[in-house]
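The values are calculated or read from the model by the stated rules, or taken from the named source; none is laboratory data. From a predicted model like this one, the values you see are computed outputs, not experimental measurements. Virtual Cβ from ideal backbone geometry, glycine too; neighbours counted across all protein chains shown. The accessibility values were calculated without ligands, DNA or RNA, using every heavy atom of the protein model including side chains. Shrake-Rupley method; radii C 1.70, N 1.55, O 1.52, S 1.80 Å.
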Amino acid sequence: MMPFQPPALIAVDWWALGAVIALSAGMMLLLLLEFLPSRPGSSRGAIVALLTLAAAALSVFRVRDAKRSLFEGMFVHDGFTVFFTLLFCAVAAVAVLQSWDYVKRTRINHGEYYALLLSATLGMILMAASSDLITIFLGLELMSLALYVLVGFRRARLDSSEAALKYFLLGAFASGFLLYGIALLYGATGTTNLGRMAVFLADSPLLGNPMLVMGGLLLLVGFGFKVAAVPFHMWTPDAYQGAPTTVTGFMSAGAKAAGFAALLRVVIVALGGLQDEWRPLLSWIAILTMTVGNVTALLQTNMKRMLAYSSIAHAGYLLVAVAAGGLDGGSAALFYLAVYSVMNLGAFGVLALLGREQEERVLLSDLAGLGVRHPALAAAMTLFMLSLGGIPPTAGFMGKVYVFSVAVKAGLVPLVIVGVLNSVVAIFYYLRVTVAMYMQEPQGEPVEVAWAAPAVIAAIATLALTIWWGIQAHDLLEQAQRSIFGLL
């Protein structure tokens, strides 16, 4: 038996792995800190988490122009990895700022909370940086297991435990489908590496091999669950409603972006030459996802459930970009993911500020009169709703413009028509929130706002980016194009 040979890493490789190393070290430090006594209401967990995320982002940014393939091609550092690493670190940092006071107010201020947040972020980065189906699966499971626990972190509440159990059971089934799909693809192609799989498929028509078709469909089921695409979306409203509000915001932005990052790597790298064969299937899933998400959101009176169905609809818009494919489709998807993450985090951040102590005021009726009592908060929520609805001059409008324009260029005009009609339907329930805040009188006791400086900073940052990317979107789109170009 040959002795184990550790990989020979040079300085650039260590910097490329910096995010993985920093997040792993930060998780262990947070768990070890729990052995040391701390005063009630301590913020050391949040501080360590923010420092860890800053170190992870800086290490990858330092070698942003380098391209490295590590561990036999299983981990790739390229523009695509850098884009998503920075996005995930930013999403997690905003979630930490929003959680700073929220976890104290709701009495879940434990070091494990931030350790799980970092663990989920690490899983997301692994999914985006993997060029092998095995490491994509490992990253997905690392992210998912942390999110299962975070969803049920308020153990004293029945709805939180119920949401975590539903999410776990359905997630376990989805993971089984994904793993079985990987096994079938390995059996058909003899490899799990996406690049080598592409070489094999170039000489083998996809539809001519039943094992390839079945493996690809099972893979799509697994990814469809993570991005909340219809018909694999049933877990979303319950998980979003039962989870702590700050966790819901983090999960809605980060987990969706990670699922699409892995899906984009697979369809661009491994299946790029077979676009005509998988595009019709993705188009139909996109139509179902947009329609079911928007129509069901019309019926919701709970803001977290409404935003859950809204996130399903946005997954449909993103699938339009994926179906368009190529450089334009991929870059539009990346742009939309960044924009969606910012405006969705902002909306959930506003909801997290409402209420006192452990109560959550997330019903539509709870927002009545907010425009009079707290005009700044109502204005921020209005802007986030307008952006989610795709109304100019917000970032959400620019995201939809890019997605629909690349779909038209790819000849997917019927898909664009369905997307535009769905956007019109969505405007109704987003504007209903604004009507409640400015045109309805509060029923019962007015909702209190738990002001906290870190959460206000997070709200200002997300608000500024929502406006800025709506006015000046070129720089972000250019970065998205540069990130996708390295995959082609």
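Taking the centroid of alpha carbons for each part, the range 341-397 and the range 276-316 are 21 Å apart.
Here the Karplus relation 6.51 cos²θ - 1.76 cosθ + 1.60, evaluated at θ = phi - 60°, turns the backbone of the range 372-381 into coupling constants of 8, 7, 9, x, 5, 5, 5, 5, 5, 5 Hz, with x for every Gly and Pro. Figure note: Y438, Y309 ranked by solvent-accessible area, largest first, 1.4 Å probe, ligands and nucleic acids not counted: Y438, Y309.
How would the chain be classified by its alpha-carbon gyration tensor: rounded, prolate or oblate, with rounded meaning a/c under 1.5 and the a/b versus b/c comparison settling the rest? Here the chain falls in the oblate category.
Protein heavy-atom accessible surface, 1.4 Å probe, per residue over the chain: 39 Å².
Please give the FRET efficiency for F200 paired with E441, using the beta carbon to beta carbon distance and R0 = 51 Å, rounded to the nearest 0.05.
Efficiency at R0 = 51 Å is approximately 0.20.
Here the range 270-329 has 67 percent of its accessible surface on carbon and sulfur atoms, given a 1.4 Å probe and all protein chains in place. The value of relative contact order for the chain, using C-alpha pairs under 8 Å at least six residues apart, is 15 percent.
Amide H to amide H, with H built 1.01 Å from N, S131 comes under 5 Å of F75, V76, counting only residues 5 or more places away or on other chains.
On the range 1-135, 70 percent of the accessible area sits on carbon and sulfur atoms, based on a 1.4 Å probe. Ranking L142, L51 from most to least accessible surface, computed with a 1.4 Å probe over the protein chains only, gives L51, L142. Summing charges over all other residues whose Cβ lies under 12 Å from the Cβ of L263, with Lys and Arg as +1 and Asp and Glu as -1, gives +3.
Taking all protein chains as shown and a probe of 1.4 angstrom, V48 keeps an accessible surface of around 20 Å². For the range 302-397, the gyration tensor built on C-alpha atoms gives a prolate shape. Its axis ratio a/c (a ≥ b ≥ c) is at least 1.5, and a/b is the larger of a/b and b/c. Solvent-accessible surface (1.4 Å probe) assigned to R62 amounts to roughly 150 Å².
Pairs of Lys residues in the chain are counted when their Cα atoms are under 25 angstrom apart and they lie 8 or more places apart or on different chains; the count is 11. Distance distribution note for the range 124-219: the fraction of Cα pairs above 19 angstrom is 50%. Between the amide H of L363 and those of M303, distances stay under 5 Å, these residues lying 5 or more places away or on another chain, with hydrogens modeled in the peptide plane. Per-residue Karplus couplings for the range 453-468, computed as 6.51 cos²θ - 1.76 cosθ + 1.60 with θ equal to phi - 60°, are listed in order as 4, x, 5, 5, 4, 4, 5, 5, 5, 5, 5, 4, 5, 4, 6, 4 Hz, Gly and Pro entered as x. Computed from backbone phi with θ = phi - 60° and the Karplus coefficients 6.51, -1.76 and 1.60, the 3J(HN,Hα) list for the range 14-31 is 5, 5, 5, 8, x, 5, 5, 5, 4, 5, 5, 5, x, 4, 5, 5, 4, 6 Hz; x is used for glycine and proline. Among M251, M214, M27, the sequence by solvent-accessible area, most first, with a 1.4 Å probe is M214, M27, M251. Classify the range 62-196 from the C-alpha gyration tensor, please: rounded if a/c falls under 1.5, else prolate or oblate depending on whether a/b exceeds b/c. The shape class here is oblate. Per-atom-type breakdown for the range 358-488 gives carbon and sulfur 71% of the accessible area (1.4 Å probe, protein chains only).
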